[in-house]
Every structure is written in structure tokens, then in C-alpha cells.
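Chemist: Below is a structure I'd like to ask you about.
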Amino acid sequence: MVRAAAIPLLLTGLGPLVSRYDLILCDVWGVVHDGTAAFADATAALERARAQDTAIVLVSNAPRPGGVVERQMAALGVPRSCYDAVVTSGDVAREELGRRPGARLYHLGPDRDLPNYQELDVALVGLEEAELVVCTGLRDDTKETPEDYAGLLARIRDRGLLMLCANPDIVVERGKNRIWCAGALARSYKVLGGPVLYAGKPHPAIYRTVLARAAAITGKEITPPRVLAIGDGVSTDLAGAAGQGFDCLFVAEGIHAAELGFDTHLKPDPERYAAVFAAAGTWPTAIIRRLVW
């Protein structure tokens, strides 16, 4: 049980926190947009923080490269003026593949992710010829569930292949719908005894990439106490921040809204907080209903 003495503040806006930090690492899906449209209040808050000389890096578990995500965000109405850089788990997955020249890989995911491998020294092959599996998601996340992949995952396990998971998220919300992600397949594969290498939050590799990018932007090394992570995922954003020694502003009206009680007019209570945040073993620094200034 997480100690009740650590109950975080419920803030009405980001503004009072900004002066404490040199860098804000902000989650994208569920915080900046919902997969269908940008959240105008959230992007405006990031613009105001950036105007106070706080670097903003958007950190996403999207399995696609950051440049692709930037174009997708622009189409949803996210202004380029609200961030300095984007780092994705897709970027980190590509870095890992770059360390495996000539790798024969089996792509597990939708065809729309095939461009992820452009300019990499890898070969896309069938399962029987593969030495590595790269999982970017379900092939049709509008219809399928992880249970549909039980047979395929067993075949991969029987070959003893490493799975590189390019999106550790289990689910995301696309508008009003919940969509299964690559992390759900990786979780099932681990249950079967298969080895998994994760490219995104909460795992350390993505934070090494993020901090290197932030240092290039700001011209200085940024220490963990001067970093604020903003996100709505306990097992990704909050756990990742805790592992790196960053503070965390938790967005409550995200994927954990119902568990926390923020989807109703009921006042959330410490017992709800404890039940949710126990998964990360820590409390966030503060909670905000949604990202606003």
C-alpha cells in the first residue's frame, strides 16, 4: 500500500509548477490529443511554459519515428509552437535495430508501420526465417484483441525469438474507444515465457535519448530534480518518472479516470488514489484533471 501521507496536491493548472523545472517531458496521446483532435487548453499550457524558457519534449510510446508523429499531430491541430522536440518509442526501436545490422526481422503490426524500417540495414522476412520480432501493434486494432494472437505468439515463443516491443502501452483511448497496443501482445508473450525488449516508457532507453535531445536543445545538462514528467499512465508515465527521479504531474482525466473517480461528480478519495498508484509504487508530485495553464 502506498502511504497516505504522500497524497499529492490536486492542482487547477500547470502554471504554479513551471518555474521549478528546466525541462518538461509531456506525454502525447491522452494529454495533448485523443487520437482524433488536439486539446487546445493543453497545447496552450505548453506554449506558455515554453515562453518561460522551459524546454518541452513530447515523449510518446508511438511505434513510429518522431517525424511521422509530428506530421500526425499537425493534422490533429497540435501547433509546432508548443514543443521543442518529439521523441518516440519508435525512435528508440530504430536505434536498437541500428545496432543490429543485417538483422532478419518479422514485423508484427499493421502495414502502416512498414515505413518504420526505411533506411535501416534490416531484412523483413517470414517468421520461420526471422531472428527477431518487432511488434508495433495489432494488425487491425479496430477489431482484434490480444487473444486473437495466442497461436502466433506460441509459435514465436517456440522459436525462442526476442520480441522488440516498439510501443509498451497496453491500451490507449482513440476518441471514446479503447484500443489495444503492442504492449498488450508483449505482455502476453512474456506470460508464455518469451523474451521482450521494450523501447519506450517506462524503460530507461527512451529517457537516455530524451535527455540527450534536451541537452542539445538547451545547451546544458539537465539534472533529474529539474525535470517534470506529465502523463496519464501509471505504468508508463508515472513509473518511468519515478525510475528516473523526475517529478510527475499526473493527468487524471485519462485512461485511469474511472478508477480515480474523475469520470463522475464524485470526489476522488485517498483509497482510490492508493489503489491506482500502488501499481507504480509511488505517488505523483501532483494531480491535475486535464492539462491546462
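Chemist: Out of the residues in the range 269-291 meeting the condition of being touching a helix residue (DSSP H, G or I) at 6+ places or on another chain (Cβ under 6 Å) and surrounded by 18 or more Cβ atoms within 10 Å (Cβ to Cβ), tell me which one is nearest to R174 (Cα to Cα).
Modeler: Within the range 269-291, the match that is nearest to R174 (Cα to Cα) is L291.
Chemist: Let me ask something additional. Does V68 meet the test of being in contact with a Pro (Cβ under 9 Å, 6 or more places away or on another chain), in the same structural domain as G240 (by TED's automatic domain parsing), within 20 Å of P168 (Cα to Cα) and outside any loop (DSSP other than H, G, I, E, B)?
Modeler: When the stated conditions are applied, V68 passes them.
Chemist: Counting just the residues of the range 14-61 that are out of contact with any Asp or Glu (no Cβ under 9 Å at 6 or more places or on another chain) and part of a loop (DSSP other than H, G, I, E, B), which one comes out nearest to A93 (Cα to Cα)?
Modeler: V28
Listed here are the residues, each with its yes/no results for (1) touching a strand residue (DSSP E or B) at 6+ places or on another chain (Cβ under 8 Å); (2) crowded, with 20+ Cβ neighbours inside 10 Å; (3) among the charged types (D, E, K, R).
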{"site": "D22", "(1), (2), (3)": "yes, no, yes"}
{"site": "D27", "(1), (2), (3)": "yes, yes, yes"}
{"site": "L46", "(1), (2), (3)": "yes, yes, no"}
{"site": "A62", "(1), (2), (3)": "yes, yes, no"}
{"site": "V78", "(1), (2), (3)": "yes, yes, no"}
{"site": "T88", "(1), (2), (3)": "yes, yes, no"}
{"site": "G98", "(1), (2), (3)": "no, no, no"}
{"site": "Y106", "(1), (2), (3)": "yes, yes, no"}
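Chemist: From the list A154, A184, A150, exactly one residue is exposed (fewer than 13 other Cβ atoms within 10 Å of the Cβ), of a type outside the set (D, E, K, R) and either assigned by TED's automatic domain parsing to the domain that holds E131 or without any contact (Cβ under 8 Å) to a residue 24 or more places away in the chain (or both). Which is it?
Modeler: Answer to the selection: A150.
The values are calculated or read from the model by the stated rules, or taken from the named source; none is laboratory data. Everything quoted here is computed from the prediction, not taken from an experiment. As a convention, Cβ positions derive from the backbone with ideal geometry for all residues, glycine included, and neighbour counts pool all protein chains shown.
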